1. In deg cm²/dmol, rounded to 500, what helix-only [θ] at 222 nm does the chain give when every DSSP H run of at least 4 residues adds -39500 (n - 2.57) and the total is split over its residues?
2. For a quick check of understanding: with a 1.4 angstrom probe and all protein chains in place, what accessible area in square angstrom does H105 have, to the nearest ten?
3. Keeping every protein chain present and rolling a 1.4 Å probe, give me the accessible area per residue for segment 1-80 in Å².
4. Between D53 and K101, take the C-beta separation as r, use R0 = 22 Å, and let me know the FRET efficiency to the nearest 0.05.
5. Could you tell me the relative contact order of the chain? Use alpha-carbon pairs under 8 Å, at least six residues apart, and round to a whole percent.
6. First compute the accessible area of the chain with a 1.4 Å probe, then give the percent of it belonging to carbon and sulfur atoms.
7. Residues of segment 23-55 with amide nitrogen under 19 Å from the 7 Å Cα-to-Cβ point of Q12?
8. Which is the longest part of the chain that has none of the GluC sites (Glu not before Pro) sitting in a DSSP loop with at most 11 other Cβ atoms within 10 Å?
Amino acid sequence: MSLAALRAGARQIQGTLNGLGERCGNANLCSLIPNLMLKEPYASQFEIGISRDGLAHITQLSRLLDEILNRAPDRHAPYVGPSAFAHKGGLHSSAVTKDPKTYEHVPPESVGNSRKILVSDQAGRSNVLARLAELGHRP
(Lines give C-alpha, C1' and ligand atoms only; values in the text may rest on other atoms or scores of the structure.)
Protein backbone atom coordinates (compact mmCIF):
# COMPACT_ATOMS: atom_id res chain seq x y z
CA MET A 1 0.00 0.00 0.00
CA SER A 2 2.81 2.43 0.84
CA LEU A 3 4.45 2.02 -2.56
CA ALA A 4 1.07 2.51 -4.26
CA ALA A 5 0.56 5.65 -2.18
CA LEU A 6 3.94 6.98 -3.36
CA ARG A 7 3.03 6.27 -6.98
CA ALA A 8 -0.21 8.20 -6.39
CA GLY A 9 1.68 11.22 -5.05
CA ALA A 10 2.08 10.73 -1.28
CA ARG A 11 5.34 12.14 0.05
CA GLN A 12 5.23 10.93 3.65
CA ILE A 13 4.80 7.38 4.88
CA GLN A 14 4.43 6.42 8.50
CA GLY A 15 5.99 3.18 9.53
CA THR A 16 6.98 0.82 12.26
CA LEU A 17 10.03 -1.27 13.02
CA ASN A 18 9.34 -5.00 12.59
CA GLY A 19 5.64 -4.21 12.45
CA LEU A 20 5.61 -2.89 16.02
CA GLY A 21 4.22 0.50 16.79
CA GLU A 22 1.24 2.39 18.04
CA ARG A 23 -0.73 2.17 14.80
CA CYS A 24 -1.97 -1.12 13.45
CA GLY A 25 -1.39 -1.44 9.74
CA ASN A 26 1.55 0.95 9.36
CA ALA A 27 4.25 -0.21 6.99
CA ASN A 28 7.23 -2.17 8.26
CA LEU A 29 10.16 0.14 7.52
CA CYS A 30 12.52 -2.86 7.41
CA SER A 31 10.73 -3.85 4.19
CA LEU A 32 9.84 -0.43 2.87
CA ILE A 33 13.25 1.27 3.15
CA PRO A 34 15.12 -1.40 1.11
CA ASN A 35 12.39 -1.26 -1.55
CA LEU A 36 12.75 2.52 -1.79
CA MET A 37 16.54 2.40 -1.94
CA LEU A 38 17.16 -0.69 -4.08
CA LYS A 39 14.20 -0.99 -6.45
CA GLU A 40 13.32 1.12 -9.44
CA PRO A 41 11.59 3.42 -10.07
CA TYR A 42 11.75 4.38 -6.38
CA ALA A 43 15.54 4.41 -6.02
CA SER A 44 15.97 7.11 -8.66
CA GLN A 45 12.87 9.13 -7.69
CA PHE A 46 13.14 9.47 -3.93
CA GLU A 47 15.77 10.55 -1.43
CA ILE A 48 15.05 9.13 2.01
CA GLY A 49 18.10 10.33 3.92
CA ILE A 50 19.68 6.94 4.55
CA SER A 51 23.05 6.07 3.08
CA ARG A 52 23.93 2.73 1.49
CA ASP A 53 26.18 2.10 4.48
CA GLY A 54 23.23 2.81 6.76
CA LEU A 55 21.03 0.43 4.81
CA ALA A 56 23.60 -2.31 5.42
CA HIS A 57 22.72 -2.10 9.14
CA ILE A 58 18.96 -2.59 8.80
CA THR A 59 19.11 -6.32 9.56
CA GLN A 60 21.18 -5.61 12.67
CA LEU A 61 18.67 -2.95 13.76
CA SER A 62 15.72 -5.27 13.21
CA ARG A 63 17.32 -8.07 15.20
CA LEU A 64 18.43 -5.72 17.98
CA LEU A 65 14.83 -4.63 18.54
CA ASP A 66 13.71 -8.27 18.69
CA GLU A 67 16.50 -9.01 21.16
CA ILE A 68 15.53 -6.06 23.37
CA LEU A 69 11.91 -7.28 23.34
CA ASN A 70 13.04 -10.87 23.97
CA ARG A 71 11.25 -12.22 20.92
CA ALA A 72 12.38 -14.38 18.04
CA PRO A 73 12.93 -12.59 14.72
CA ASP A 74 10.37 -13.30 12.00
CA ARG A 75 12.26 -15.95 10.03
CA HIS A 76 10.40 -15.08 6.84
CA ALA A 77 10.55 -11.28 7.01
CA PRO A 78 11.59 -9.76 3.69
CA TYR A 79 15.20 -8.56 3.54
CA VAL A 80 16.00 -8.93 7.27
CA GLY A 81 14.61 -12.36 8.19
CA PRO A 82 17.05 -15.19 8.90
CA SER A 83 15.50 -17.16 6.03
CA ALA A 84 15.22 -14.25 3.57
CA PHE A 85 18.27 -15.44 1.64
CA ALA A 86 18.22 -19.15 2.53
CA HIS A 87 18.39 -21.70 -0.29
CA LYS A 88 17.65 -25.38 0.10
CA GLY A 89 16.73 -27.14 -3.14
CA GLY A 90 19.63 -28.69 -5.08
CA LEU A 91 19.17 -27.01 -8.48
CA HIS A 92 18.16 -23.75 -6.81
CA SER A 93 21.29 -23.75 -4.61
CA SER A 94 23.50 -24.68 -7.53
CA ALA A 95 22.21 -21.72 -9.53
CA VAL A 96 22.67 -19.30 -6.62
CA THR A 97 26.28 -20.34 -6.09
CA LYS A 98 26.99 -19.78 -9.79
CA ASP A 99 25.05 -16.52 -10.17
CA PRO A 100 23.21 -15.13 -7.12
CA LYS A 101 21.02 -12.92 -9.33
CA THR A 102 19.20 -16.03 -10.55
CA TYR A 103 17.34 -16.33 -7.22
CA GLU A 104 18.18 -13.22 -5.19
CA HIS A 105 16.59 -9.89 -6.08
CA VAL A 106 19.24 -7.93 -4.14
CA PRO A 107 22.63 -8.86 -2.66
CA PRO A 108 22.00 -9.95 0.95
CA GLU A 109 24.93 -7.81 2.11
CA SER A 110 23.18 -4.65 0.87
CA VAL A 111 20.75 -5.00 3.80
CA GLY A 112 23.22 -6.53 6.24
CA ASN A 113 21.94 -10.07 5.80
CA SER A 114 23.73 -13.15 4.49
CA ARG A 115 23.13 -16.01 2.10
CA LYS A 116 22.56 -19.43 3.62
CA ILE A 117 22.86 -22.66 1.66
CA LEU A 118 21.01 -25.30 3.65
CA VAL A 119 21.65 -29.02 3.69
CA SER A 120 18.44 -31.03 3.91
CA ASP A 121 16.70 -33.98 2.31
CA GLN A 122 16.18 -31.75 -0.74
CA ALA A 123 19.86 -30.86 -0.98
CA GLY A 124 22.06 -31.84 -3.85
CA ARG A 125 25.79 -32.05 -4.37
CA SER A 126 26.10 -28.27 -4.71
CA ASN A 127 24.50 -27.71 -1.27
CA VAL A 128 27.01 -30.01 0.40
CA LEU A 129 29.95 -28.44 -1.47
CA ALA A 130 28.77 -24.91 -0.63
CA ARG A 131 28.37 -25.84 3.03
CA LEU A 132 31.84 -27.38 3.13
CA ALA A 133 33.26 -24.23 1.54
CA GLU A 134 31.55 -22.11 4.23
CA LEU A 135 33.31 -24.26 6.84
CA GLY A 136 36.66 -23.70 5.11
CA HIS A 137 37.00 -27.11 3.46
CA ARG A 138 37.76 -27.45 -0.23
CA PRO A 139 37.13 -30.82 -1.91
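The values are calculated or read from the model by the stated rules, or taken from the named source; none is laboratory data. Predicted, not measured: the structure shown is a model, and the values here were computed from it. Reconstructed Cβ throughout: ideal geometry from the backbone, glycine too, with neighbour counts over all protein chains shown. SASA here: full protein model, heavy atoms, side chains in, ligands and nucleic acids out. Shrake-Rupley method; radii C 1.70, N 1.55, O 1.52, S 1.80 Å.
1. Values: 7 runs with 54 residues, N = 139.
It comes out at -10000 deg cm²/dmol, rounded to the nearest 500.
2. 110 Å²
3. Working: 5330 Å² over 80 residues.
So segment 1-80 comes to 67 Å² accessible per residue, rounded to a whole number.
4. Values: r = 22 Å, r/R0 = 1.01.
Approximately 0.50, to the nearest 0.05.
5. Numbers: 160 pairs, mean separation 24.7, N = 139.
Computed over the chain, the figure is 18 percent.
6. Working: 4770 of 8910 Å².
Of the solvent-accessible surface of the chain, carbon and sulfur hold 54 percent.
7. Residues 23-29, 33, 46-50 fall inside that zone.
8. Numbers: sites that count: E22, E47.
The longest uninterrupted stretch comes out as 48-139.
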